[in-house]
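Data first, discussion second: the structure below is written as structure tokens.
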Amino acid sequence: MKQESLNPAIDSLLNEQKLKNIVYPARLFRARLNEEFLRANRTRRPFLFIKIYSHQYDLIGWGRPSRIVEKTWRISVLTMFSHLRFIDVLGYLSDGSGIGIILLNSNISTLESIRKEILHKLNDAGLIQALRHKPKNPIFQAYLYSGLQEKDNLEQDNKLKDFNSTNGSFFTLSRLNLSDIWVHPHKIRFRHIIKRVIDLACASTALILLSPLLLFCSLAVKISDPKGPVIFKQTRVGRDGKLFTMYKFRSMYVDAEERKKELLAQNETGGKTFKMKNDPRIYPFGHILRKFSLDELPQLINIIKGDMSVVGPRPPIPSEVAEYEPWHRMRLSVTPGLTCIWQVSGRSNIPFEGQMRLDNDYIRRDSKLGEDLKLILKTFKVVFKGDGAY
């Protein structure tokens, strides 16, 4: 497979090394990366995705171009190429910025081995002093994907931090997310900007029009249970695992979290989330708030802040995410929202695995703004009926 030369620096290294690996065109390389991502979900075998940018030693990269830093860059990249095996994948990056490598069945120890070899070769070449002139960006931007449960990935995050603190000018290492390899339609052709503008317009207008209802709910919550706050604040997981504070009208008594442990055996979702139809922790007016989703109205503030969107998978709590299987985490690749497919397809009556599949279905599809509008209209119908909410 051949592709027109994207950058002389990268192409000359490929020719110099005389690699036996196929150099995939950008489109096919992205397809292979997505394939390995899905494969790792099944096999639980980690892989490394490494980006090598072609401008590391020019004015954009190092900022002080010279023969020394150019040789340092070349030795580092050639050392990386020397670790390629016939099973590994090599291809051009889709933005034309350089080359990408997929090192299969590899982890942090693989990168550490490569880093030590680079240092050894630079020392032999008398180029260690070049490391004093650190580039604005490391030579290699590396991503690790393990295919493990989220709780195992969280434990691994500390190892990633330790590696980054000692990697010098060579690597920056982070976890690979679906959004790093898959271009969601909302990220292209200005759709994400249009979606954001629509979110701001809808949320702002709703706050103004619903202000009497918001005031009524606030007073009703305070009268129903004077001991607690009107607004319930909870840490939720947003796009790519970023934490944020989500707002709701409080629908439970103030000791709800303490009583949750006593009720876990009565969970009716069959998964990581906790739901039960006759939850004794909910005070009488709280049932009304939940039935008609009035408790979700304060999340209009989250939409204005950019933590959420009008349409998108519901944001989970960290303890739920910790139990996620790899394919569950796909739903974290987009901004969470007030409503999505499973909210208009049965709400809480749908079991956990079904919710995950419907959310992933939303993410995979074309996600035209017209489809989002249909989901919003369906949400109004479902909310007014009050079916499936508890």
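Coordinate-derived values only; no laboratory data. Remember, it's a predicted structure, so these values are computed and weren't measured experimentally. Every residue, glycine among them, receives a Cβ derived from its backbone with ideal geometry; neighbour counts consider all protein chains shown.
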Which of the listed residues, N302, G354, G370, is farthest toward the dipole's positive end in the stretch 291-370, when Lys, Arg count +1 and Asp, Glu count -1 at the beta-carbon?
-> G370
Between D240 and N278, what length in nm is gained on full extension when 0.36 nm per residue of separation is reduced by their alpha carbon distance?
-> 10.3 nm
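Using 1/(1 + (r/R0)^6) with R0 = 41 angstrom and r between the beta carbons of W327 and K71, what's the FRET efficiency to the nearest 0.05?
Step by step, r from the Cβ atoms, then E = 0.40.
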Cα-based Rg of the stretch 192-238 normalised by 2.2 N^0.38 Å, two decimals = 1.55
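With r as the distance between the Cβ atoms of D157 and N123 and R0 = 51 Å, compute the FRET efficiency 1/(1 + (r/R0)^6) and round to 0.05. Provide the component values of the computation, followed by the final result.
Details: r = 31 Å, r/R0 = 0.61.
The calculated FRET efficiency here is 0.95.
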Straight-line reach from K161: which aspartates and glutamates have Cα under 16 Å away, leaving out those fewer than 8 places along the same chain?
-> E112, D152
Under 14 Å from K151, Cα to Cα: aspartates and glutamates that are on another chain or at least 8 residues apart = E320, E323, E325
For K378, which aspartates and glutamates qualify as cross-link partners when the Cα separation must be under 20 Å and same-chain residues fewer than eight apart are set aside?
-> D199, D295, E296, D359, D361, D366, D387
Dimensionless Rg over Rh [the stretch 146-254; C-alpha; Kirkwood] | 1.13
For an R0 of 22 angstrom, estimate the FRET efficiency from the Cβ-Cβ distance between L209 and N349 and round to the nearest 0.05.
-> 0.15
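Can you give the extra length, in nm with one decimal, that the chain gains between K233 and R42 once fully stretched, where that is 0.36 nm per residue apart less the Cα-Cα distance?
Gain in length upon complete extension: 65.1 nm.
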